[in-house]
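Engineer: Please see the structure below; I have some questions.
The values are calculated or read from the model by the stated rules, or taken from the named source; none is laboratory data. Owing to the predicted nature of the structure, the values given are computational and were not obtained by experimental measurement. Please note: Cβ atoms are built from the backbone with ideal geometry, for glycine as well, and neighbour counts cover all protein chains shown. With ligands, DNA and RNA removed, areas are computed over all heavy atoms of the protein, side chains included. Shrake-Rupley method; radii C 1.70, N 1.55, O 1.52, S 1.80 Å.
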Amino acid sequence: MLIRHLVEDGVLHLALLRDLDVPSRAAAVLQIETLLLAHRPRLVRMQLPTADPSPASLSALARARRMCEGLGIPLTVVGPAPVVGPAPAVGSPGAA
């Protein structure tokens with residue numbers, strides 16, 4: 001699986017699960033197109049897997065942008081989710 005998705009309040013949340021290479025780009029774009037046509041969201045939010053995406057990931061983003069434009073759907077793009085370390089133990093320095 002290349003893409004995780006969730007539809008919430010008319011927003012299609014897409015997340016690339018890994019940085020794409022050339023062979024996986026076409027499959028990811030097909031998945032995005034299928035999700036756009038199936039759900040017809042009012043907004044698409046796409047999360048990239050890395051802060052420095054591969055050319056294939058950027059190409060998939062460009063294709064998604066063109067598809068959204070063609071359907072009149074706004075697209076927002078966000079970077080990867082920050083990695084959060086474990087919470088400090090109670091009573092240790094830095095704990096509240």
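Engineer: Of the residues that sit in region 1-14 and are hydrophobic (A, V, I, L, M, F, W, C) and within 11 Å of I32 (Cβ to Cβ), which one is modelled with the lowest pLDDT?
Structural biologist: L2
Engineer: Can you pull out every residue in region 36-73 that is assigned to a strand (DSSP E or B), among the aliphatic types (A, V, I, L, M) and open to solvent by 40 Å² or more (accessible area, probe 1.4 Å)?
Structural biologist: If the condition is that a residue be assigned to a strand (DSSP E or B), among the aliphatic types (A, V, I, L, M) and open to solvent by 40 Å² or more (accessible area, probe 1.4 Å), then L43 is the only one that fits.
Engineer: In addition: Do any residues in region 51-62 that are of a type outside the set (S, T, Y) have Cβ atoms under 8 Å from those of residues that are open to solvent by 30 Å² or more (accessible area, probe 1.4 Å) and not in a helix (DSSP H, G or I), where the two are at least six apart or on different chains, and which pairs are they?
Structural biologist: A51/G79; A51/P80; P53/D19; A56/D19; A56/D21; L61/V77
Engineer: Looking only at region 1-35, how many residues end up being part of a helix (DSSP H, G or I) and either out of contact with any helix residue (DSSP H, G or I) (no Cβ under 7 Å at 6 or more places or on another chain) or open to solvent by less than 20 Å² (accessible area, probe 1.4 Å) (or both)?
Structural biologist: Number satisfying all stated conditions: 11.
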